[in-house]
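Working notes, beginning with the structure itself.
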Amino acid sequence: MRIGELSKRTGVSPRSLRYYEEQGLLTSSRSDAGQRHYSDAAVQRVSLIRQLFDAGMSSRVIATVLPCVDVPDDLGVAEETFTAMLRERDRIDADIAHLIETRDALDVLIRANSRHRAELSTGPEPVAQVARSA
């Protein structure tokens, strides 16, 4: 199938499919006219690539995971894939911890701003507003 058909069947843009190919995640053959042609198996592969991206993996990491699909009976490849996925999970956990710290810091600022706004609303009328109301 051509790139447009693969795009339609997977919901992935032709631009993304070309990117997957540039990154070595997807392969195609070329016609004499240079058009890409994909096998029917490309639909499942693109679905898997999307799942891996949705899991937070970069194309570089996905490239290390896909050999497990290509060579499913190789224990060494399976172990490398497992290690890569654990590393990614650890990276995501670190990102989550950082985001929690960032949110907590923002909460401190929000509370301070809330107190400041409350003080402003209960305090004396600002001079600029008194001058305007006269």
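The values are calculated or read from the model by the stated rules, or taken from the named source; none is laboratory data. Bear in mind the structure is a predicted one, so any value in this text is a computation, not a measurement. Quick reminder, even Gly has a Cβ in these numbers, built from the backbone with ideal geometry, and neighbours come from all protein chains shown. These area figures cover heavy atoms from the full protein model, side chains too; ligands, DNA and RNA do not enter into them. Shrake-Rupley method; radii C 1.70, N 1.55, O 1.52, S 1.80 Å.
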Residue 15 fails exactly one of (1) without any contact (Cβ under 8 Å) to a residue 40 or more places away in the chain; (2) under 30 Å from residue 90 (Cβ atoms), namely (2)
Pairing a residue in the stretch 48-74 that is over 21 Å from residue 95 (Cα atoms) with any residue that is at pLDDT 90 or above and exposed (fewer than 13 other Cβ atoms within 10 Å of the Cβ), where Cβ atoms lie under 7 Å and the two sit 6 or more apart in sequence or on different chains, gives 63/24
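Could you say which residue among 46, 69 is within 30 Å of residue 79 (Cβ to Cβ) and open to solvent by less than 70 Å² (accessible area, probe 1.4 Å)? Even if it seems obvious, please write down each step before you answer.
Working: 69 fails: open to solvent by less than 70 Å² (accessible area, probe 1.4 Å).
Among 46, 69, only 46 is within 30 Å of residue 79 (Cβ to Cβ) and open to solvent by less than 70 Å² (accessible area, probe 1.4 Å).
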Of the residues in the stretch 2-39, those that are at positive phi and modelled with pLDDT under 95 number 2
Within the stretch 40-79, residues at pLDDT 90 or above, part of a helix (DSSP H, G or I) and of a type in the set (D, E, K, R) come out as 45, 50, 54, 60, 79
Counted residues in the stretch 49-62 being of a type outside the set (D, E, K, R) and surrounded by 15 or more Cβ atoms within 10 Å (Cβ to Cβ) come to 7
